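Structure, as structure tokens:
The values are calculated or read from the model by the stated rules, or taken from the named source; none is laboratory data. Since we're looking at a predicted model, the values are computed, not measured. Note: ideal-geometry Cβ built from the backbone for every residue, glycine included; neighbour counts use all protein chains shown.
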Amino acid sequence: MLVKKIKRLLIKMALIFTLTASILIPNLTTHKTYANTYNNKYTIVVDVSHRDTIYDRGASAYGVYESDISLSVSQIVKNKLEAKGYRVVFTRQNDNDIKSLKDRVNIANSINPELYLSIHANSSERVATGTETIIDTVGGRAEKVAKEIQKEICSNLNMEDRGVIHRNLYTRNIKASTVLVELGFINNKEDLSKMLEQQDTYADCLVNAIDNVIHN
Ligand SMILES: [Zn+2]
């Protein structure tokens, strides 16, 4: 009796193993091939913004800090880019990691990535809303990515389109193409709730914008 029971159990286990393997292995293989042949050579530097000094946490409202929004969105962006096979380097790793703007320029220039993406949240004295992307060079890859970012975020998150803005920033000292996105206004409740609750969609928009331009 016992032997039969054990036999039956073993057959069941073998069956479950085979089924699980047949579901998992093709996915793993597909992903690996995709990653190895498709994007592996592309490095993106994601700038987890602020914490330039120990006191700098960026803008804040309703008890939320810009540096925290940037860190959590950056982490999701990193996972999604890596899933597509990109190599991702952060300018700072966590909340206690302090990096000056000069440090960030040095990191970017030592790597010379395909793109430097800096993730921010905006703030204003008067009531304002919407997404804007800032570039320091007109006409290159940065402008293309910036336009895609605006299109993706404004349509998928129903954000007001404040456009692509040309402005001189510290990023002008970075040799690679750079874009700085202001996801929304931290002191606007509606924008803030999107930046807290729809980070996954924001990340999808940023990743799609980058991937669309790099593979066009
Ligand atoms: Zn900022």
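Regarding Asn173, is this residue within 16 Å of the chain's Cα centre (by Cα) and surrounded by fewer than 20 Cβ atoms within 10 Å (Cβ to Cβ)?
Numbers: within 16 Å of the chain's Cα centre (by Cα): no; surrounded by fewer than 20 Cβ atoms within 10 Å (Cβ to Cβ): yes.
No: the conditions fail for Asn173.
Considering (1) surrounded by fewer than 15 Cβ atoms within 10 Å (Cβ to Cβ); (2) over 14 Å from Val207 (Cβ atoms), say which one Glu143 fails and leave the rest.
Every listed condition holds for Glu143 apart from (1).
Has region 94-106 got any residue that is outside any helix (DSSP H, G or I), in contact with a Ser or Thr (Cβ under 9 Å, 6 or more places away or on another chain), modelled with pLDDT of 95 or more and closer than 20 Å to Arg172 by Cβ?
For region 94-106, residues outside any helix (DSSP H, G or I), in contact with a Ser or Thr (Cβ under 9 Å, 6 or more places away or on another chain), modelled with pLDDT of 95 or more and closer than 20 Å to Arg172 by Cβ: present.
Which of the residues spanning region 106-127 are within 16 Å of the ligand (Cβ to nearest atom) and within 23 Å of Ala209 (Cα to Cα)?
Just the residues of region 106-127 that are within 16 Å of the ligand (Cβ to nearest atom), to begin with: 116-125.
Within region 106-127, Tyr116, Leu117, Ser118, Ile119, His120, Ala121, Asn122 qualify.
Glu125 fails exactly one of the following numbered conditions: (1) surrounded by fewer than 21 Cβ atoms within 10 Å (Cβ to Cβ); (2) closer than 19 Å to Ala142 by Cβ; (3) not basic (Lys, Arg). What is the number of that condition?
Among (1) surrounded by fewer than 21 Cβ atoms within 10 Å (Cβ to Cβ); (2) closer than 19 Å to Ala142 by Cβ; (3) not basic (Lys, Arg), the lone unmet condition for Glu125 is (2).
Could you identify the single residue in Val77, Val127 that is hydrophobic (A, V, I, L, M, F, W, C), at pLDDT below 95 and either assigned to a loop (DSSP other than H, G, I, E, B) or in contact with a helix residue (DSSP H, G or I) (Cβ under 9 Å, 6 or more places away or on another chain) (or both)? Spell out how you get there, then give the answer.
Working: Val77 fails: at pLDDT below 95.
Within the list Val77, Val127, the selection yields Val127.
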